[in-house]
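Trainee: Sharing a structure with you now.
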Amino acid sequence: MKSPLLTLPGAVDAEGVDEGVAAHYGDLFREQRTLADGTGFVDLSHRGVVAVSGDDRLSWLHLLLTQHVSDLPAGRATEALILSAHGHIEHALYLVDDGETVWMHTEPGTQDALIAYLESMKFFYRVEVADRTEEFAVVHLPAGSIAEAPEGVVVRETPYGRDLFLPRADLEAFAADTGAHGPAVGLLAYEALRVEHHLPRLGFETDHRTIPHELGWINSAVHLQKGCYRGQETVARVHNLGKPPRRLVFLHLDGSEVHLPPHGTELRLADDGPDGRKIGFVTTAVRHHELGPIALALVKRNVPLDARLLADTTAAAQEVVVEP
């Protein structure tokens with residue numbers, strides 16, 4: 001589903017799973033500064049939108065998700081995960097309840113699998129699960145934005161900004177009203193600020209064996225005092241008895257390199273050289289308007305905190321995100 005905002009001047013289509021929205025509108029660093037200053041908006045209309053309604057929606061979701069949502073107040077944003085039986089991350093959900101319906105957005109293209117799982121778990125509960133992706137587009141307003149959300153639009157407010165569940169038919173009119181909220185900003189600027197804030201993303205910072213503890217999601221998307229959800233045994237065991245095998249780190253990359261290391265680039269200890277053993281991999285690398293080239297990466301837990309790393313041949317200095 002291609003966004004109509006790709007017809008705006010300078011728009012360049014994003015690639016991979018983000019195809020269908022603009023990577024940028026011609027000036028990446030200006031767009032980053034716009035977001036950092038609390039103006040503009042980001043078109044996230046390629047993300048999946050799922051709605052759960054019915055009297056039992058919160059108590060039912062409470063049984064399935066890693067987060068405590070049985071008493072979630074209307075209007076309060078939260079995030080949650082769905083895990084496999086072995087505790088590996090399968091879905092990351094960004095939720096808000098409007099008093100009648102739980103609205104959530106998900107990674108592009110994952111909503112079908114999510115809905116299939118939710119439908120399989122309905123049993124006798126009074127809930128309805130609906131794919132609303134064709135009707136609603138997610139639009140992000142950055143932290144500090146004084147723009148008002150259109151009347152009647154569901155808003156999910158976090159410390160990093162507000163996500164609007166905007167009727168898709170209103171997207172072009174919303175973009176045209178730049179006096180109300182500022183210009184459209186591309187996804188690359190949004191991603192640069194995400195990396196700066198050390199925020200993991202499903203499919204980027206995760207692979208088939210990632211558990212929440214490795215990414216810091218144990219703090220924001222997992223409630224450690226609730227049980228009875230799939231994968232809870234792994235969460236409790238690692239939290240109480242051990243340490244995760246890997247940890248998320250923030251990298252400052254050598255700014256003299258022309259190309260950023262792509263997702264999956266192997267990391268090695270700089271002292272061992274480019275032929276040393278693999279100790280991790282780059283998950284997301286971006287160019288930041290102030291910090292230069294930066295990245296998130298997963299490394300083995302026992303990698304020394306002061307060790308300098310190599311991303312292929314690119315030098316990298318690490319900062320702790322998840323404690324070893």
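The values are calculated or read from the model by the stated rules, or taken from the named source; none is laboratory data. None of the values given here were measured: they were computed from a predicted structure. We place every Cβ from the backbone using ideal geometry, glycine too, and count neighbours over all the protein chains shown. To get the accessible areas, we keep the full protein, side chains included, count just its heavy atoms, and leave off ligands, DNA and RNA. Shrake-Rupley method; radii C 1.70, N 1.55, O 1.52, S 1.80 Å.
Trainee: First check a/c for region 214-294, with a ≥ b ≥ c the square roots of the eigenvalues of its C-alpha gyration tensor; if it is under 1.5, answer rounded, and if not, answer prolate when a/b is larger than b/c or oblate otherwise. All intermediate terms of the calculation are to be shown ahead of the outcome.
Mentor: Values: a/c = 3.42, a/b = 1.93, b/c = 1.78.
Prolate, because a/c is 1.5 or more and a/b exceeds b/c.
Trainee: Using 0.36 nm times the number of residues separating Ala317 and Met121, minus their current alpha carbon distance, what extension gain do you get? Please report the intermediate quantities before stating the final value.
Mentor: Numbers: separation 196, 0.36 × 196 = 70.56 nm, distance 4.49 nm.
Stretched out fully, the Ala317 to Met121 stretch lengthens by 66.1 nm.
Trainee: For region 39-94 and region 201-253, what is the separation of their C-alpha centers, rounded to whole Å?
Mentor: Each part reduced to its Cα centre gives a spacing of 16 Å.
Trainee: Report the FRET efficiency, 1/(1 + (r/R0)^6), for Ala307 and Glu19, where r is their Cβ-Cβ distance and R0 is 35 Å, rounded to 0.05.
Mentor: Details: r = 36 Å, r/R0 = 1.03.
It comes out at approximately 0.45.
Trainee: Could you tell me the relative contact order of region 152-281? Use alpha-carbon pairs under 8 Å, at least six residues apart, and round to a whole percent.
Mentor: Working: 64 pairs, mean separation 17.5, N = 130.
Computed value for region 152-281: 13 percent relative contact order.
Trainee: Select from the chain the helices, each a whole stretch of DSSP H, whose alpha-carbon atoms run 20 Å or more along the helix axis and whose Kyte-Doolittle mean is at least 1.6; answer none if there are none. Don't skip to the end; give the middle numbers.
Mentor: Numbers: long enough: none.
What comes out of the filter, once short or polar helices are dropped, is none.
Trainee: Probe radius 1.4 Å, ligands and nucleic acids ignored: give me the carbon and sulfur share of the accessible area of the chain as a rounded percent.
Mentor: Working: 7380 of 14560 Å².
Taking all protein chains in place, the chain shows 51 percent carbon and sulfur surface.
Trainee: Now, a different point. Quick check: pseudo-label points 7 Å beyond the Cα along Cα→Cβ at Ala143 and Thr7, how many nm apart are they?
Mentor: Using points 7 Å along Cα→Cβ, the separation is 3.6 nm.
Trainee: Near Lys243, which aspartates and glutamates are there with a Cα under 19 Å away, not counting those fewer than 8 places off in the same chain?
Mentor: Here the aspartates and glutamates satisfying the reach criterion relative to Lys243 are Glu205, Asp207, Glu214, Glu233, Glu319, Glu323.
Trainee: For the chain, what does -39500 (n - 2.57) per DSSP helix run (n ≥ 4), summed and divided by total residues, give at 222 nm, in deg cm²/dmol to the nearest 500? Write out the running numbers ahead of the final one.
Mentor: Values: 8 runs with 61 residues, N = 324.
Taken over the chain, the calculation gives -5000 deg cm²/dmol.
Trainee: Here is a follow-up. When you count, for each residue, the other Cβ atoms within 10 Å and take the mean per peptide, how do 241-247, 182-188 rank with the highest first? Don't skip to the answer; put the middle values down first.
Mentor: Values: 241-247: 16.1, 182-188: 22.4.
Per-residue mean Cβ counts within 10 Å order the peptides as 182-188, 241-247.
Trainee: In terms of solvent-accessible area of protein heavy atoms at a 1.4 angstrom probe, what is the ranking of Glu319, Glu31, highest value first? Could you put the intermediate results ahead of the total?
Mentor: Working: Glu319 80, Glu31 0 Å².
Accessible-area ranking of Glu319, Glu31, largest first: Glu319, Glu31.
Trainee: At a Cα cut-off below 14 Å, give the aspartates and glutamates reachable from Lys278, other chains included and same-chain residues fewer than 8 away excluded.
Mentor: The reachable aspartates and glutamates, counting only those whose Cα sits under 14 Å from Lys278, are Glu266, Asp312.
Trainee: Here's a follow-up. Restricting to Cα pairs below 8 Å that are 6+ residues apart, what does the relative contact order work out to for the chain? Please round to a whole percent. Present the calculation step by step, with values, prior to reporting the outcome.
Mentor: Details: 718 pairs, mean separation 59.8, N = 324.
Normalised by residue count, the contact order of the chain is 18 percent.
Trainee: If each of His68 and Asp254 carries a label point 7 Å out from its Cα toward its Cβ, how far apart are those two points in nm?
Mentor: That separation, rounded to one decimal, is 4.8 nm.
Trainee: If packing is taken as the average number of other Cβ atoms within 10 Å across a peptide's residues, how do 8-19, 88-99 rank, most packed first? Provide the component values of the computation, followed by the final result.
Mentor: Details: 8-19: 14.5, 88-99: 20.2.
Top to bottom by mean Cβ count within 10 Å: 88-99, 8-19.
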